[in-house]
Structures are given as structure tokens and as C-alpha cells.
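Asks: Handing you this structure, nothing more for now.
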Amino acid sequence: MNRHLTPNLILGAILVALVVGVAGLSLIWTPHDHALMNIRERFGAPSDVHWLGTDQLGRDIVSQLMVAARNSMTVALIAVLMGGSIGVALGLLASALGGWFEDLIMRVADIGFAFPALLFAIMLSAVFGPSLWVAVLAIAFINIPVFARVTRGAANVIWTRDYVAAARAAGQGRFAISRDHILPNVAAPVIVQATIEFAIAILAEAALSYLGLGAQPPSPSWGRMLSEAQTLMFMAPQLAIYPGLCIMAAVLGFSLLGDALRDLTDPRLTRSRQA
Amino acid sequence: MRTTAAPALLAALALAFAAPAAAQMRISLGLQQEPTSLDPTSDATAAINVMLAQNVYESLTTVDSSGAVQPQLAESWEISDDGRTYTFNLVQGATFHDGSPFTADAVVFSFERARGEDSTNPRKATFQAIEEISKVDEHTVELTLGNPDAFFLFDIAQGPASILHPDTVESNASRPVGTGPFMFDAWTRGDRLRLVKNPDHRNAENVALEIVEYRFISDPAAASAALMAGELDAFPGFPAPELIAQFEADPRFTVINASTEGEVILALNNARAPFDTLEARRALSHAIDREEIIEGAMYGLATPIGSFYPPHGPAYVDLTGMYPHDPDMARQMFEEAGVLGDTLLLRVPPFPYATRSAEIVQAQLGAAGMDVRVENVEWGFWLEEVYTNKNFDMTIIAHTSPNDLSNFARGPDYFYGYDDAAFNDLWASIRTEVDDEARFALIREAQEYLADAAVHGFLFQLPALGVFREGVEGFWESQPILYTPLSEVTVR
């Protein structure tokens, strides 16, 4: 057996494939219309028609979970991409320019770290009204300092390498070096970080939706399903259990995958494994 | 020595705490809505009246649990033969909580303030109908109405007609001072409000409770947990009908399903498109399915209404069949009105009956071809943007005041945006008709008129679901007026 195929990697990859697969499938097919209500058939037990039963308004739970998975993945993907690209760019810039500029960027990043994402989301929703995009922006915002810091840390190491010194001696500019030599070499830690941030983004989206700041009805989301199921815990516990399990599976999957990828790409661990 | 000291100390402490606790009768009540002000004469928030009317504040008259008018700060009154002049004989020896005496001056001041130019009284129209008010002597007030008013004695019993003292009126919003059986003690915003017994009240010997604590718990799950854990003795307006069955089955609790004066409506902004046309409003009435909303949002615990009058009232007509649920017909009517497919902004205040109904209304209107954007907003935002600025197409709200058909005669400045001279005349004749039967006939006519004009989507009568711990007694089992009086409440 290949020594890279750790249980973490396998389990993480399976869970991620499952969640992403279901989210993708919901684009073309769900068992029912997720928003279709049938109040006379609410709290239905699992059956051939409704595989996991129906919720408090008689909507099909499987369809809701599927569309919610799509919403969750979309938010996480856009937020991590947005936060990641801005963060990476800032990190590269800080590392390339150094001096007071680097200090400034990093101190601003520290402030960003300290700023609670929830508060930011509440601020945004006060201005624009609650929506899925508020959740995206808030999560993207908290991602910027994370990526800036990771990128700058890794980039600073690369800048001390001989081949970078050679490139400088050959007259390449700081930005060209960043593009040609630094960026490809910081890609690995950034990708690992992105996978882990993806898990955090899913959790953050669920939290924001739980508070009513994310996806608005009728668009389903795991977090809102949880909050609506809250008072029904004694009557219909499954309504809270299903979205809870989905959040767990998605977050666990991306976290495990991120961990496994970090282990694979970390040179220190690679060396110890080879020894 | 050290080993015996601790238990002895504990015993002493236990005694110290147990002694006053046994002598004090206290009650902890849950409340879903927290007001932003504590002055019922300037703010329409229902929770102010629920907590303070009759407990901290008193009025000239009061209403008993059967809905009949009784004397309060006015011991008795005479009405002139033309029904316009009232002479109130005030109680003697009553005092405000700050010690100042209650006299005719306070009554004249309160009424003058309520009808004044810059008054923000929620029931300003009642007071503006007063032509003249004057003090006859220290304990007699005389006032003359422009027209006879069948609801006057009832209206001046309500929270907005509370009698305030001129010296403390400015601070009432945060530190209420009244003449009632309980005195305001403290308000920790976002958490609780405390009242203590007023030992100087005229009726103090019959009031059992010493300390009343209202806890603001907006989340139904937390409210349920607090009741289960014994943190609360009662939750008079319990917000989660789905949890009622659980309390009914539990011998530790009693559940009261009281009828209220609260009509829940899908209020339409009659002043702006698309609901400025009768066709679009009627289409909406056909699009909504009340039974489904009541089942889905209220778990069946509410009575449908077809107009704006409570089903338990003496002049009720059942108009729920006027616009049968028919999405296809609604779609066609929306199309004829030229608004099919329009986006409607449904701004919803943070009450479970409203947010839950909103989701179902959204789906029902969706089935009739309309795109509804639901926006769940905070209470302060709702008061500002919906109630004051009228920036909405639809909202869902319970009107909890009695005799509030008058809302439709409030003119274009009220958030309904409804202004209809014919209805204003009809309401004027209802007000001035003192014969009960004749007035009931007019009220029936008004209900039909409003249903015919489809002013709003009339949904259901809000039930007052109260959950009470075993041993808590003396709460009203009906709500003819917006009070929750505590002077007869006992806790075992």
C-alpha cells in the first residue's frame, strides 16, 4: 500500500466527494421540488416517496439537504476564492516589498484576525439586508488575513533561496520573481490552507444561516434547517439530526483532507517518513 | 474546630436567605417581546401594556375579564343626556409612586398631553374627540366630546390612556411612575424588568405578589427550557404553538388557550403599487389559504378570520368564505391587474406567528405567480421602516387592541395607506351609535365593507397561549383588552 494513502486522506476524500457530488447533482436533479409545501403531510416518516420523510411544512427533506449542500458549497467556494486571492496577493506583495509596507500589511492582517466575523456579517446585513451574499462577503473577509499570513510566511523563506538570488542577479524585478518563483513555491501551503478554510467556511455559513443572516427562505440551508428544528426537538428530532450530520460530514471531510494534504506536503514530515 | 465551622456557617447562611424568601411572594414571567420604551402613552408596542397597564399604570376606568367597564381612578361618573359630557368623580387618597398625590390636575394634564399637537399617543384619535376638559375641583373632572362615543369609557381604560404625573412624565419611557399596585424597580435591557409591590396602594392588602420579574426570552426553545427548568413560573404569551402539546401532557403545567383581540393580518400597503388596486388585493385574497397557514404556522391553534373583527365578539360575521382559495384564479387576476410576476417585498417583524406565516404566504403567492421577497427584520427596524416610513408591500402583524376597526379610518398617514371616505363615515356612525344592537349591525356592515375591499389579507385570530406552572393562579382566561393584571395572582 502506498504510504501516502493514510486513512485520513481516504476518509476525507470520500466525504468531500460525497458532499460535492450531492451538491453538484442538485443542480440537475432533486427527488422533489425542495420548496414545495404540503402542510397536511408534514412530519412524514421516511418512505419510498420521501426518503428521509418531510419537515414541519411537509417539504421533502432529502431535496432540501441537497440544495442546502449546494448553497453551502457555493458560499464556501466563492468566499475562499475571494478571500484567498486577495490574501495571497497581499502576502506576496508584503513579502516582495518588505520594510514598512510588510509591517503595515501584517498589522492590518492582525486587526482583521481580531475582528469578529459575526459582527461584520451583522453590519453587512444591516446595510444590505440579510442574504446569501452577505454570508459570502463576511466569510471572504475573515479569510483574507489567514491567507496573507500563510503566504507571506512561506514566501519569506523562498526569498532566501539561492535560485531567487540568482534571478535577482539576472536582473529580474521583484514582481516578476514573485510571479515566476515565489507563487509556484507557496502554492502547496496555500492549497492546504484553502482546504482547511473551506471546512471553516462551511461551518461559518451554517452559523450565519442559523442566525438568519445567510440564505433566505425559501432557499434552504443547513444552518437555518437547524434553527427551525430547534423547537421541534422533542417532536421531530430527525429535523435537527439530518442537517447536523450533513454539516459534520462536510466539515470533517474537508478538515481531514486538509490535514492529510498538509502531511503530504510538509517537507519535515516527508523527510521523517523517508528516514 | 475548623471542621464544624463550615456547616454551622452554611446553616446560618441558609437561614439568612430562607427567612425573607419564605415571606416574599415572587413570580417570574416570560415575555417574548421587549419594548424599546416603557411609556404606553407614546409607543404602541404591545409588551408595554402587557407588563405595565394595570400593574404600574392605572386609568380612569378599567375593564374586567369579561370585557365590562369598571371604575378605577374614577370612582363613579355621570353622563349627560346627550351622551357628550362626562363627569368623573375621582378616588381620594391615591398617590403616585413618587409620593405625589393623584388629583384632577393629573387627569387633565394626561388627556391634554394625549390630544396635543405633538402627541404620539397610539390612540390619539380618542383624545382628539374631546372638545373640552376641565377640572371642577380637586377630585372632579368634566369633559365634553364632539360626538357621543360608544367606546369612550372602554378606550380610556386602555394603556395609552394611563394617567401620568406632570413631574415624572418625561422619564416614563425608562422609569415609569404610575398609581398602580406595583412599582417599577429596575430594567436590565435585553434581560429583565422588575416590579415590586406598592405598599401604599389603595388595594395593597389584597395584592399577594411582592416581586414580579419579567424575563425577555424571544427564542421559543429557550422559553420552553426556562419553563421546564423552573426558572419561570409562567409564560402568558407563549410563542411556540408546536410546544403546547408537550406542556399539556405535563402535569406540572396548565395551559390556557385564551381568545384575544389580536387579528393577524397580511397587511398590504394600499398606497403603493401593486396593492393600490382592488383587483390585485382581491387576487391576493384568493391566493392565500388560511387553513394551511393556521396549520403550518400555528399548529391548528387559531381561528381563521375573513375580516377585521374577533370571532368571539358579539357582532362577528363569518366572511372567511368570501375569497375561496384558488391559485389559478388568483394568477389570472394578477395578470388582469398587470402585476403578474412582480416582486413583492414582505417585511416581517420578529414574532414567530409572523415569520412562520411569511414562509407559507411566500409559497402560496409563488403558486399564484408572484415573486415574494421575505425580509425578516428587527422590531425597531419594523417600527421605523414599515410602521412609520411605510416602506413595504406586505407585512404580517397582529393588531391586539380592542375595537380597532378604527385603524381603517386613520387615513393615509397610517401604515395601511388606506383612505376611504365611505369607511370613515361608517366608522364615525359606529362610534356615535350608543344603541348596542344598532351598533352591532353597523360593525357587521364594516366587516363586510373591508372584506369586500380586500384591504388586507385577513389571516387568523391570534391565540394567547399561556403556560403556567402548577400553583400559579389568578391569571385571566380571556383577553378582552391588552392587560395582564397581576393584583389577583397568587403563587404556591
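We did not get these values from a lab; they are worked out from the coordinates using the rules stated. Here the structure is a predicted model, which is why all the values come from computation and not from measurement. Virtual Cβ from ideal backbone geometry, glycine too; neighbours counted across all protein chains shown.
Asks: Please work out the Cα center distance from region B:20-80 to region B:248-263, rounded to the nearest Å.
Replies: Region B:20-80 and region B:248-263 have Cα centres spaced 20 Å from each other.
Asks: Could you give the dipole magnitude of the protein assembly as shown about its Cα centre, charging the beta-carbon of Lys and Arg +1 and that of Asp and Glu -1, in debye to the nearest 20?
Replies: For the protein assembly as shown, the charge dipole is close to 5080 debye.
Asks: Can you run phi through the Karplus equation (6.51, -1.76, 1.60; θ = phi - 60°) for region A:111-124 and list ³J(HN,Hα) in whole Hz, with x for Gly and Pro?
Replies: Couplings: 5, x, 4, 6, 7, x, 4, 4, 4, 4, 5, 5, 4, 4 Hz.
Asks: How large is the charge dipole for chain B, taken about the Cα centre, if only the Cβ atoms of Lys, Arg (+1) and Asp, Glu (-1) carry charge, to the nearest 20 debye?
Replies: Computed charge dipole of chain B: roughly 1660 debye.
Asks: How much length is gained on full extension from B:Asp452 to B:Ala367, taking 0.36 nm per residue of separation minus their Cα-Cα distance?
Replies: 28.3 nm
Asks: In µm²/s, what is D for the protein assembly as shown at 20 °C and 1.002 mPa s, where D = kT/(6 pi eta Rh) by Stokes-Einstein and Rh is the Kirkwood radius from Cα pairs?
Replies: D = 71 µm²/s.
Asks: How would you classify chain A from its alpha-carbon gyration tensor, with a ≥ b ≥ c the square roots of the eigenvalues: rounded for a/c under 1.5, else prolate if a/b is greater than b/c, otherwise oblate?
Replies: Taking the square roots of the gyration eigenvalues as a ≥ b ≥ c, chain A is prolate.
Asks: Let me ask another. Which value, in debye to the nearest 20, describes the size of the charge dipole of region B:263-461 about its Cα centre when Lys and Arg Cβ atoms bear +1, Asp and Glu Cβ atoms bear -1, and nothing else is charged?
Replies: Charge dipole, region B:263-461, about its Cα centre: 320 debye, nearest 20.
Asks: Identify, among B:Leu143, B:Ala446, B:Gly262, the residue whose Cα sits farthest towards the positive end of the charge dipole of chain B, taking +1 on the Cβ of Lys and Arg and -1 on the Cβ of Asp and Glu, with the dipole about the Cα centre.
Replies: Sorting the options by dipole projection puts first B:Gly262.
Asks: What per residue convex hull volume, in Å³, comes out for region B:57-171 when only alpha-carbon positions are used?
Replies: It comes to 106 Å³ per residue, whole-number rounded.
Asks: Follow-up. Given axes a ≥ b ≥ c from the Cα gyration tensor, I'd like to know whether chain B is rounded (a/c under 1.5), prolate (a/b larger than b/c) or oblate.
Replies: oblate
Asks: Moving on to the next point. Projected onto the charge dipole of chain A (+1 at Lys/Arg Cβ, -1 at Asp/Glu Cβ, origin at the Cα centre), which of A:Gly24, A:Ala89, A:Leu256 gives the Cα projection farthest towards the positive end?
Replies: The one lying farthest along the dipole's positive direction is A:Ala89.
Asks: Please work out the Cα center distance from region B:314-358 to region B:117-144, rounded to the nearest Å.
Replies: Measuring centre to centre over Cα atoms gives 40 Å.
Asks: Let me ask another. For region B:375-401 and region B:431-487, what is the centre-to-centre distance using only Cα atoms, to the nearest Å?
Replies: 21 Å
Asks: Find how much the distance from B:Ser66 to B:Thr188 grows on full extension, using 0.36 nm per residue of separation minus their present alpha carbon separation; answer in nm with one decimal.
Replies: 40.5 nm
Asks: Could I ask something else about it? So for the protein assembly as shown, taking the charge dipole from beta-carbon charges (+1 Lys/Arg, -1 Asp/Glu), which of A:Met73, B:Ala114, A:Leu104 sits furthest toward the positive end?
Replies: Among A:Met73, B:Ala114, A:Leu104, the one farthest towards the positive end of the dipole of the protein assembly as shown is A:Leu104.
Asks: What ranking do B:Ser401, A:Ser95 get, fewest neighbouring Cβ atoms within 10 angstrom at the top?
Replies: B:Ser401, A:Ser95
Asks: For A:Trp133, B:Trp382, what's the fewest-to-most ordering of other Cβ within 10 Å of each Cβ?
Replies: A:Trp133, B:Trp382
Asks: Please give the FRET efficiency for B:Thr87 paired with A:Met123, using the beta carbon to beta carbon distance and R0 = 41 Å, rounded to the nearest 0.05. Kindly include the intermediate steps, with their values, before the conclusion.
Replies: Values: r = 58 Å, r/R0 = 1.40.
The calculated FRET efficiency here is 0.10.
Asks: Could I ask something else about it? If neighbour count is taken as other Cβ atoms inside 10 Å, put B:Arg194, A:Arg59 in order from fewest to most.
Replies: The most exposed by this proxy come first: B:Arg194, A:Arg59.
Asks: Within 10 Å of each Cβ in peptide B:358-364, how many partner chain Cβ atoms are there on average? Round it to a whole number, please.
Replies: Average per residue, whole number: 4.
Asks: Considering every residue in A:31-43, what mean count of other chain Cβ atoms within 10 Å of its Cβ is obtained?
Replies: The shielding value for this peptide is 3.
Asks: Residues of B:282-292, mean number of Cβ from any other protein chain within 10 Å of their own Cβ, rounded to a whole number?
Replies: 1
Asks: A further question on this structure: At 7 Å along the Cα-to-beta-carbon direction for both B:Asp118 and B:Arg444, put a label point, then send me their distance in nm to one decimal.
Replies: For B:Asp118 paired with B:Arg444, the spin-label model returns 4.8 nm.
Asks: Run the numbers for B:Val491 and B:Ala204: contour at 0.36 nm per residue of separation, minus the present Cα-Cα distance, in nm.
Replies: Length difference between fully extended and current span is 101.7 nm.
Asks: Label points 7 Å out from Cα along the Cβ direction at B:Thr388 and B:Thr343: separation in nm?
Replies: 2.6 nm
Asks: Now a separate question. Hey, can you rank B:227-234, B:251-258 by average C-beta count inside 10 Å, highest first?
Replies: Going from most to least packed, we get B:227-234, B:251-258.
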